[in-house]
Amino acid sequence: MKRLPSTIFAAIALISVLTVSAAAIAAERPNVLIMGEDIDRDSIRRGSQAFNRTLNAIATEMQKAGYKVYDETAITMEEFKQGRIFRRNDELIDIAKSVRAAPIDVVVIFSVFPEIDRRRHTTRLFASVTGRMVDVNNGRRLGNFTEKTRQHRNVAPECSRECLVRYFSAISEDFGQEVGQVLSFKLAAAASLAGAYKMEFVDFALKDITEIEEFLTAFKGYQRHRMMTGSSDGRRLYWYETSSDKARLSRNLRLMLDHIGIEGRTKFEANSFIVTRLGALK
């Protein structure tokens, strides 16, 4: 029996209503991991008092804004070497993607730099933080940031680097709070942008794929999609961009299969939704 278009649209409308209801009940915010990059020899070393105060202040402000911020040591201590310094960007991204204790969505990578203005009668100490936010699932940059302290600290003209780092700790907490507020704002703005996922449909007939595409474009939050290289008649690959989170999208895919009347299995791994038809093709 041929399905009527009105039936398809009614099903799409039902899924949209369920999606909106779920969003109203619980707006999911991303899980955040804050990590220090200190490969630059001029940056403040990871683990120093000034570094830790800055990191803790950033985390506190993001938690106040409603984000779930995870402690790096707590979620990596069983699987990764601790206390490393001079860490590179590739090491940080690899750790964030590999963590199994909690699903990390966004990694905030930052470096802290002391800025010194030496004068004959005093030395003025400022600081800056530079970094970026990265979507761990698809590698998309969510924004870069550079923030400078609004205040400075006067110290003795002969103050050494070690001396300066100690004094820097006095201003690092207030400075970290400023940075955390800025990052919370930037991340909130980025959250409204489309996330990107791969979708793979295995063992579906062409007529089923046509109907599936109608649902995909009607899901709440849909932005755009395109077929990817490597697609074949029995295996269709798509790049799918949406403002919906992966839990909501997974639920919509399961509801879609129910409405189409096809038994299938949906799983998510490595930023990909894999939907496999169960049973013989008709």
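Only one residue in ARG124, ARG132 is closer than 30 Å to GLU269 by Cβ and either part of a loop (DSSP other than H, G, I, E, B) or charged (D, E, K, R) (or both). Which one?
Exactly one of ARG124, ARG132 is closer than 30 Å to GLU269 by Cβ and either part of a loop (DSSP other than H, G, I, E, B) or charged (D, E, K, R) (or both), namely ARG132.
What are the pairs, 6+ residues apart or on separate chains, where a residue within region 104-115 that is of a type in the set (Phe, Trp, Tyr) has its Cβ under 7 Å from a residue that is in a strand (DSSP E or B) and buried (at least 21 other Cβ atoms within 10 Å of the Cβ)?
PHE110/GLY36; PHE110/VAL129; PHE110/GLY131; PHE113/ALA127
If we keep just the residues of region 142-167 that are within 16 Å of ILE34 (Cβ to Cβ) and without any contact (Cβ under 8 Å) to a residue 40 or more places away in the chain, which is surrounded by the most Cβ atoms within 10 Å (Cβ to Cβ)? Quick ask: steps written out before the conclusion?
Filtering region 142-167 for residues within 16 Å of ILE34 (Cβ to Cβ) gives 142-145, 147.
Pick out the ones that are also without any contact (Cβ under 8 Å) to a residue 40 or more places away in the chain and you get 144, 147.
Numbers: ASN144: 10, GLU147: 19.
This residue is GLU147.
Considering only residues of region 269-282 that are under 30 Å from the mean Cα position of the chain (by Cα) and modelled with pLDDT of 90 or more, which is surrounded by the fewest Cβ atoms within 10 Å (Cβ to Cβ)?
THR276
Among the strands (runs of 3 or more DSSP E) contained in region 139-247, which hold 2 or more residues that are outside the structural domain of GLY264 (by TED's automatic domain parsing) and more than 29 Å from the chain's Cα centre (by Cα)?
Those strands (runs of 3 or more DSSP E) span 153-155.
How about region 157-190: which of its residues are among the hydrophobic types (A, V, I, L, M, F, W, C) and in contact with a Ser or Thr (Cβ under 7 Å, 6 or more places away or on another chain)?
CYS159, VAL165, ILE171, PHE175
Would region 231-239 turn up any residue that is closer than 19 Å to PHE273 by Cβ and touching a residue at least 40 places away in the same chain (Cβ under 8 Å)? Working first, answer last.
Step one: list which residues in region 231-239 are closer than 19 Å to PHE273 by Cβ, which gives 231-232, 234-239.
Pick out the ones that are also touching a residue at least 40 places away in the same chain (Cβ under 8 Å) and you get 238-239.
Yes, region 231-239 has at least one match.
Mind checking which strands (runs of 3 or more DSSP E) fall wholly inside region 4-118 and carry at least 2 residues that are of a type in the set (Val, Ile, Thr) and either assigned by TED's automatic domain parsing to the domain that holds LEU164 or modelled with pLDDT of 90 or more (or both)?
31-36, 106-118
The values are calculated or read from the model by the stated rules, or taken from the named source; none is laboratory data. Just so it is clear, the structure is predicted and the values come from calculations on it, not from any experiment. A quick note on method: Cβ atoms are made from the backbone with ideal geometry, for glycine too, and the neighbour counts reach across all protein chains shown.
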